[in-house]
1. Search segment 77-103 for residues being within 16 Å of ligand 1 (Cβ to nearest atom) and among the aliphatic types (A, V, I, L, M), and hand back the single one that is nearest to residue 316 (Cα to Cα).
2. Among the numbered conditions (1) touching a Lys or Arg at 6+ places or on another chain (Cβ under 9 Å); (2) within 15 Å of ligand 2 (Cβ to nearest atom), tell me where residue 112 comes up short.
3. Quickly run through segment 60-69 and pick out the residues that are buried (at least 24 other Cβ atoms within 10 Å of the Cβ) and either within 13 Å of ligand 2 (Cβ to nearest atom) or closer than 15 Å to residue 102 by Cα (or both).
4. Quick check: is even one residue across segment 17-25 within 16 Å of ligand 2 (Cβ to nearest atom), aromatic (Phe, Trp, Tyr) and in a helix (DSSP H, G or I)?
5. Only residues in segment 124-145 that are in a helix (DSSP H, G or I) count as the first member; pair them with residues that are of a type in the set (A, V, I, L, M), Cβ under 7 angstrom, at least 6 apart or cross-chain, and list the lot.
6. Within segment 158-179, identify whether any single residue is among the polar types (S, T, N, Q), buried (at least 24 other Cβ atoms within 10 Å of the Cβ) and within 16 Å of ligand 3 (Cβ to nearest atom), and answer yes or no.
7. Tell me which of these residue 50 doesn't satisfy, since it passes every other one: (1) away from ligand 2 (no atom under 16 Å from the Cβ); (2) over 15 Å from residue 245 (Cβ atoms).
8. Considering only segment 194-266, give the strands (runs of 3 or more DSSP E) lying wholly within it that have at least 1 residues that are touching a residue at least 12 places away in the same chain (Cβ under 8 Å) and either within 16 Å of ligand 1 (Cβ to nearest atom) or out of contact with any Asp or Glu (no Cβ under 9 Å at 6 or more places or on another chain) (or both).
Amino acid sequence: MATATEPPRPKGVNRVGLMLQDYKGKDSTLCAGCGHDAITSQIIKSFFEYGVQPNQVIKLSGIGCSSKTPAYFLSRSHGFNAVHGRMPAIATGAILANRHLTAVGVSGDGDTASIGMGQFVHLLRRNVPMIYIMENNGVYGLTKGQFSATADQGSKLKTGVMNEFPPVDCCILAIELGCGYVARSFAGDPKQVVVLLEGALAHSGTAFLDIISPCVTFNNHEGSTKSYKHAKDTEELLHEISFIPAYEQISIDYEEGTSKVVEMHDGSHITLKKLERDFDPLDKAQALRMLRDANQRGEFLTGLLHVDPAKSDLTEALNMHPDALATLPSELVRPSREALEEIMESLR
Ligand SMILES: Cc1ncc(C[n+]2csc(CCOP(=O)(O)OP(=O)(O)O)c2C)c(N)n1
Ligand code: SF4
Ligand SMILES: [Mg+2]
C-alpha cells in the first residue's frame with residue numbers, strides 16, 4: 001500500500017498546481033471514433049497525474065493522422081512537427097540541445113515502420129531519452145488507407161486487397177536493439193495506456209509504446225486485424241499493472257510470488273500482478289521468445305513487455321554536461337583562442 005507524503009492538495013489540482021484542462025490542446029479534427037483521439041486523452045491524463053510541467057515538455061511528430069495529434073494535447077508545451085519518418089533526428093537534436101526537456105513523440109506505423117524505419121532503429125540503439133508512441137492502425141490513414149509495414153499477413157482492406165507480406169513487429173525490434181522500456185497496448189484499454197505512459201515518464205532512456213489504434217475510416221472492418229473488434233476479442237493482458245509515483249512512495253505491500261515490483265529510475269514503482277502466465281519483463285530473452293510465440297499463435301499480448309530501469313541513456317553515453325547545452329554560457333561551449341591555436345599548431 002502506498003502512503004502519501006505530500007500535503008493534501010485541492011481537489012482536481014496536481015502536484016505542480018495545475019488542472020486536467022491545463023494539459024489539453026486544440027479540438028481534434030480527426031474522424032469521430034479514431035483510436036488516436038483516445039490515446040490523446042490518455043496522454044493528457046497521464047501527464048496531469050504525473051505532474052509534468054507543460055513548459056518543460058517538447059512534443060515531436062512526423063506526418064500522418066497520428067502525427068497531427070500533438071496539436072490536441074499540452075498546448076503550453078514546445079512542439080516540432082517534422083517531415084514524414086524523420087521525427088527521430090529532430091528529437092535527438094532537441095534533446096541534445098536541452099537534456100532536461102521531457103520529450104514525447106507521436107508517430108504512426110507508416111511514419112515509424114515504413115518510411116521512418118531507418119531513423120527509428122538508430123533512435124532505439126542510441127537510447128535517446130524520450131517517450132516514443134507508435135499509434136498503430138496497420139494503414140496509412142492520412143493517405144486513404146494503404147497497408148503499412150505493421151499490417152498482418154493475410155489481413156484485408158475494405159476493397160478486398162490482401163496483404164501478402166509479413167509484418168514488422170516494432171516491439172521485438174525495440175527489445176532486440178536494447179530499448180529499456182517496451183510496451184504494447186490498445187487504444188480501447190485506457191487504464192492500461194495511462195499506467196504505461198506514467199511508467200514511461202519515470203524511465204530515463206527511450207520508452208517505446210506500440211498502441212493498437214484502430215482507423216475507423218479505413219481499417220475497422222471484418223478481415224482487419226487492427227479493428228476495435230479484433231483487438232477486443234484477442235487482447236490478452238500479460239499482467240495487471242499499476243504505477244506509484246516517487247512522490248507518493250513510502251512502502252508498497254504486495255503478494256510475494258504473484259506480483260513483481262520494478263523500481264524505476266526516478267524512484268517511482270511499477271507493480272505487475274501476475275495473471276495467467278509466469279512472465280518477468282526484466283528478462284529480455286524471455287520477452288523476445290514470448291512475443292515470437294504469440295505472433296505465431298496470432299495472440300495480441302498487451303502490457304509491459306520489457307523493462308531495464310538501469311540502462312544508461314544517450315546523454316550519459318556521451319558524458320554530457322549536466323546542464324542543458326542551450327543554456328550554457330559561450331565561455332563554456334566555445335573553445336578559447338589558445339585552444340584553437342593549439343589545435344592548429346598540432347595540424348601543421
Ligand atoms: C516524404 C513523404 N512521403 C509520403 C508522404 C505521404 N504520406 C503522408 S502521411 C503518410 C502515411 C501515414 O501513415 P501513418 O504514419 O501510419 O499515420 P496514420 O495516418 O495512419 O496515423 C504518407 C505516406 C509524405 N507526406 N511525405
Ligand atoms: S483516416 Fe483513420 S487514422 Fe485518420 S483520422 Fe480518420 S480514423 Fe483516424
Ligand atoms: Mg497508420
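1. Here the residue is 91.
2. (1)
3. Across segment 60-69, the qualifying residues are 60, 61, 64, 65, 66, 67, 69.
4. no
5. 124/174; 124/177; 125/177; 126/314
6. So far as segment 158-179 goes, no, none of its residues is among the polar types (S, T, N, Q), buried (at least 24 other Cβ atoms within 10 Å of the Cβ) and within 16 Å of ligand 3 (Cβ to nearest atom).
7. The failed condition is (2).
8. Output list reads 207-212, 239-244, 259-263.
Rule-based calculations on the coordinates, nothing more; no lab input. No experiment lies behind these values; they were computed from the predicted model shown. Cβ coordinates were reconstructed from backbone atoms using ideal geometry, including for glycine residues, and neighbour counts include every protein chain displayed.
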